[in-house]
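What follows is a single structure, written as structure tokens, with notes after it.
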Amino acid sequence: MSSLSASTDRRPAEGRDRNDLAVKVDDLSITYRTTFEKKPTLKTALLQFGRGGRRVKEVEALKNVSFEVPVGTTLGIIGSNGAGKSTLMRAMAGILPPTSGEVQVWGRASTLLALGVGFNNALSGRENVILGGLASGLSRKEVLERADEVAEWTELGDFMDLPMRTYSSGMFSRVAFSVAVHMKPDILMVDEALSAGDAQFRDKANAKMQELRGQSRAMFLVSHGLGSIKEMCTEAIWLDHGTLMMQGKPAEVVDAYMAHSNVEQTATTTEDI
């Protein structure tokens, strides 16, 4: 079990090793501090002469978010752009530390937060498969045992031994997706990955995701494709400007989100908003 907390004490608390939960998010808040250039007036330019015109702005990406994810759950995370969805996923993956609150994760997570992040375009697809497996925490022996399976699943043939700078975006996506889903994760986190690639790839990726649902402790899916959320998920949460608005059955959460957004449900909107 891994735990991220705003405090410096990372020791496991008594009773945390449990079999009923995959993830617990407790009063999680994340605030970004960013600098920006403010267009000065003549007066402020004179007052700030020699001191620079950069300002610091705080952005509350997540605000006191709490929820639990039982083992066996496929959780969809929905919301408009800037709602905090990807920030939440990065916090659960251990990439972003909390500003306050705590994230507890039981099991090894594999993330598709951005396909191919960390890949070296000068290396071949096969070499990047090995790097991706090592980065996910597997031993070199385990990675080498699965490398051929990953390569076969991509259906890229001889391209697997060519530098990835020669790949199309669809080929790149195939390798990145295959690395993540073939490392046998306890918890799989997917952020918009299924929207990448051609139709054949998306169908194959969807089938692989369905297969993993029965093998993983939990699965998380961030997507603007609300039809995919309804179809693939057993639970959903809706975020709005960093606040948890609702948690429940996917159809109920999607309906509430669309009503809030004043969007009529059509084949297009349920895949694009």
(message) For Cα pairs less than 8 Å apart in space and 6+ apart in sequence, what is the mean separation divided by the residue count of segment 116-227, i.e. the relative contact order in percent?
(response) 26 percent
(message) What does the net charge come to around residue 236 if you take all other residues with beta carbon closer than 10 Å to its beta carbon, with K and R at +1 and D and E at -1?
(response) 0
(request) For segment 70-144 and segment 236-256, compute the distance between their C-alpha centroids and round to whole Å. (result) 22 Å
(message) Using a 7 Å offset from the Cα along the Cα-to-Cβ direction at both residue 100 and residue 252, what is the distance between the two label points in nm, to one decimal?
(response) 3.0 nm
(request) State which entries of 57/230; 85/141; 85/208 exceed 26 angstrom in Cα-Cα distance in the structure shown. (result) 57/230; 85/141
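Bear in mind these aren't lab numbers, they're just calculated from the coordinates by the rules spelled out. Small disclaimer: the values here were computed from a predicted structure and weren't measured. Positions of Cβ are generated from backbone atoms using ideal geometry, with glycine treated the same way; all protein chains shown enter the neighbour counts.
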